[in-house]
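Asks: To start, I am sharing the structure in question, which I have written as structure tokens.
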Amino acid sequence: MKQKMESIISLLLRSLGLSKDSRALEHLIKQKESIIILLFITLIMLLLEYFGWQRPFLRLVAPKLSLSFDTHTRLLYAQGYTTFSFWLLFIISPSLLLCFLPSKENQQELGLGLPKKADLGPYLFIAIGMFIALIFVCSSSDFYRFYPLFRPHGLQEWLIFEAIYLAQFVAVEFFFRGPLLFRLNQLHGPISLFIMTLPYALIHIHKPFPEALGSIIAGVILGLLSLKSKSLWPGVLLHMFIALSADSLGLFYGGDFTRW
């Protein structure tokens, strides 16, 4: 793989008329791991956008399966498809990539270890602050009409949906605040926080604008906390808590609980 990557870099330099610049070639070859990771992230983001969400399922997959379910049930299946796509693209794919980028780092240094109790304080503070903010934000019709993404008709449907929906945040945190972030941080230092914040913000492009805008700040803060604690797991729990709170408040303000 190393020889193939160097051949690709050499070909790229020749196409740019830089083949005689040995320093440029040497510099790019030294950065080959970063180039591979960044191109991989770009590819994953494109695959997610075109094939990974609920709409691609309803447009591309559901018609071929000839599902006889009503529209309401199809939306639940669409969420299951989305969560599956997240796990495939955000966990399985980068794990396979890392197999070809061998490293001496242990699990703790890749963000997969358990955090220390002393590192949990900031997460708890954010959780409390976000819940208080959500009480006011979710009272807006723009939010409670958007969340939850699936409007359950009863408690059982709600529990099934949330179990499926919350599982996708394991994948989100693994991809944006897990091994790829830690590898980039080893290679480039703090700038890695902002490198990973860019694609993280872009997956919020279909969300309400205030949430999409807030994802930039959240991406930096959660990335920083992940690197500091050397663990992505507190971020997983925090993300789940915020998502569940937003859904619950959305149902409350939308009057869904009273109709069950």
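The values are calculated or read from the model by the stated rules, or taken from the named source; none is laboratory data. Here the structure is a predicted model, which is why all the values come from computation and not from measurement. We place every Cβ from the backbone using ideal geometry, glycine too, and count neighbours over all the protein chains shown.
Asks: Among what's in region 159-186 and is touching an Asp or Glu at 6+ places or on another chain (Cβ under 8 Å) and surrounded by 15 or more Cβ atoms within 10 Å (Cβ to Cβ), pick the residue that is farthest from F241 (Cα to Cα).
Replies: Filtering first and then ranking leaves R183.
Asks: Okay, next question. Does region 34-55 contain any residue that is under 18 Å from the mean Cα position of the chain (by Cα), surrounded by 15 or more Cβ atoms within 10 Å (Cβ to Cβ), at pLDDT 65 or above and in a loop (DSSP other than H, G, I, E, B)?
Replies: Checking region 34-55: at least one residue is under 18 Å from the mean Cα position of the chain (by Cα), surrounded by 15 or more Cβ atoms within 10 Å (Cβ to Cβ), at pLDDT 65 or above and in a loop (DSSP other than H, G, I, E, B).
Asks: Kindly indicate whether any position in region 103-123 is without any contact (Cβ under 8 Å) to a residue 40 or more places away in the chain, charged (D, E, K, R) and part of a loop (DSSP other than H, G, I, E, B).
Replies: Going residue by residue through region 103-123, those that are without any contact (Cβ under 8 Å) to a residue 40 or more places away in the chain are 104, 106-107, 117-118, 121.
Filter once more, so that each one left must be charged (D, E, K, R): 104, 117.
Adding the requirement that they be part of a loop (DSSP other than H, G, I, E, B) leaves 104.
Within region 103-123, one or more residues are without any contact (Cβ under 8 Å) to a residue 40 or more places away in the chain, charged (D, E, K, R) and part of a loop (DSSP other than H, G, I, E, B).
Asks: Does region 84-100 contain at least one residue that is outside any helix (DSSP H, G or I) and modelled with pLDDT of 90 or more? Break it down into steps so the answer makes sense when it comes.
Replies: Residues of region 84-100 that are outside any helix (DSSP H, G or I), as a first pass: 100.
Applying the additional criterion that residues be modelled with pLDDT of 90 or more yields none.
No; the residues of region 84-100 include none that is outside any helix (DSSP H, G or I) and modelled with pLDDT of 90 or more.
Asks: Conditions: (1) within 21 Å of L97 (Cβ to Cβ); (2) surrounded by 21 or more Cβ atoms within 10 Å (Cβ to Cβ). L198 meets all but one. Number of the miss?
Replies: The failed condition is (2).
Asks: In contact (Cβ under 8 Å) with a residue 24 or more places away in the chain, under 30 Å from K32 (Cβ atoms) and polar (S, T, N, Q) - does that describe any residue in region 61-83? Don't jump to the end; show me each part of the working.
Replies: If we filter region 61-83 for residues that are in contact (Cβ under 8 Å) with a residue 24 or more places away in the chain, which is where we start, we get 72, 75-76, 78-83.
Now restrict to residues that are under 30 Å from K32 (Cβ atoms): none.
No, that holds for no residue.
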